[in-house]
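Worksheet for the structure shown next.
The values are calculated or read from the model by the stated rules, or taken from the named source; none is laboratory data. The shown structure was predicted, so the numbers you read here are calculated from the model rather than taken from an experiment. FYI the Cβ positions are ideal-geometry reconstructions off the backbone, even for glycines, and counts take in every protein chain you see.
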Amino acid sequence: MSVRLPWARIQTVLLDMDGTLLDLRFDNQFWRELVPMHYAAQHGLSLEQARAEVAVRTQAVEGTLNWYCLDYWSRELALDIVTLKREIAHLIAVHPYVLEFLKALRGAGKRVVLVTNAHPQSLALKMEKTQLASHLDRAVCAHALGSVKEQPEFWPRFRELERFDPVTTLLVDDNLEILRTARGYGIGHLVSVLRPDSTHSPTPPGEFSAIHDFSELLPVS
């Protein structure tokens, strides 16, 4: 599979982090296994009870800034979330062909901006482990703007920070709600990621052009 993009008309490339540039395996393992295990120990619950309670709490704020906020979860769950992330930091991994794609973008003179809903401390940990920052022109956390990419108000706020022309911009993201919101704002080129977690089967293609890995967006010219 290959996605043909009009690279000559694309000036800015916006890239999501978790599930797009990086394997979502780390985040899924963290929230589905490690956090419930520690929550169970902290509160005297069985692992199944802890999993259920953590799931209910996370689902209640899904799609909001709190869902991504490590400070919020440290308070809510009475756990040191930042420290716990380092327990399985060895699982932080870059998806296949990401480096090749980033180097190709740089070689073609595109502006490359990482735009993530992740908390700044999560971003810092992942950049430390992957060393991807040197391949980016900028990294922006939604926390700095007070809203997340799923919310329509995010995009005009982001545009005040990062001056870009939506028509000549590409966004690659694994979250369909984010892609739909970006489409509503007028971003001209949208690509979804079919396999955010390498341990899971690919999701079926939806209404957007889609890739299994970044080799399908090469060459950039």
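Here residue 182 meets each of (1) of a type outside the set (Val, Ile, Thr); (2) surrounded by 16 or more Cβ atoms within 10 Å (Cβ to Cβ); (3) in contact with a helix residue (DSSP H, G or I) (Cβ under 7 Å, 6 or more places away or on another chain); (4) within 20 Å of residue 23 (Cα to Cα) with one exception, condition (4).
Of all the numbered requirements in (1) in the same structural domain as residue 212 (by TED's automatic domain parsing); (2) outside any helix (DSSP H, G or I); (3) crowded, with 17+ Cβ neighbours inside 10 Å, residue 79 misses one, and that requirement is (1).
The rows are residues; the columns are (1) more than 20 Å from the chain's Cα centre (by Cα); (2) on the phi > 0 side of the Ramachandran plot; (3) at pLDDT 95 or above.
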| position | (1), (2), (3) |
| --- | --- |
| 9 | yes, no, yes |
| 12 | no, no, yes |
| 22 | no, no, yes |
| 27 | no, no, yes |
| 38 | yes, no, yes |
| 43 | yes, no, no |
| 46 | yes, no, yes |
| 63 | no, yes, no |
| 66 | no, no, yes |
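Taking (1) closer than 22 Å to residue 25 by Cα; (2) outside any loop (DSSP other than H, G, I, E, B); (3) in contact with a His (Cβ under 6 Å, 6 or more places away or on another chain) in turn, residue 195 satisfies each apart from (2).
Go through the range 130-179 and give me each residue that's aliphatic (A, V, I, L, M), within 11 Å of residue 117 (Cβ to Cβ) and either outside the structural domain of residue 112 (by TED's automatic domain parsing) or surrounded by 20 or more Cβ atoms within 10 Å (Cβ to Cβ) (or both). Scanning the range 130-179 gives 142, 145, 148, 178.
Taken over the range 1-52, the criterion of being free of Cβ contacts under 8 Å to residues at least 12 places away in the same chain and closer than 26 Å to residue 177 by Cβ is satisfied by 4, 27, 33, 52. Determine whether residue 55 is more than 29 Å from residue 177 (Cβ to Cβ), in a helix (DSSP H, G or I) and out of contact with any strand residue (DSSP E or B) (no Cβ under 8 Å at 6 or more places or on another chain). Criteria not met by residue 55.
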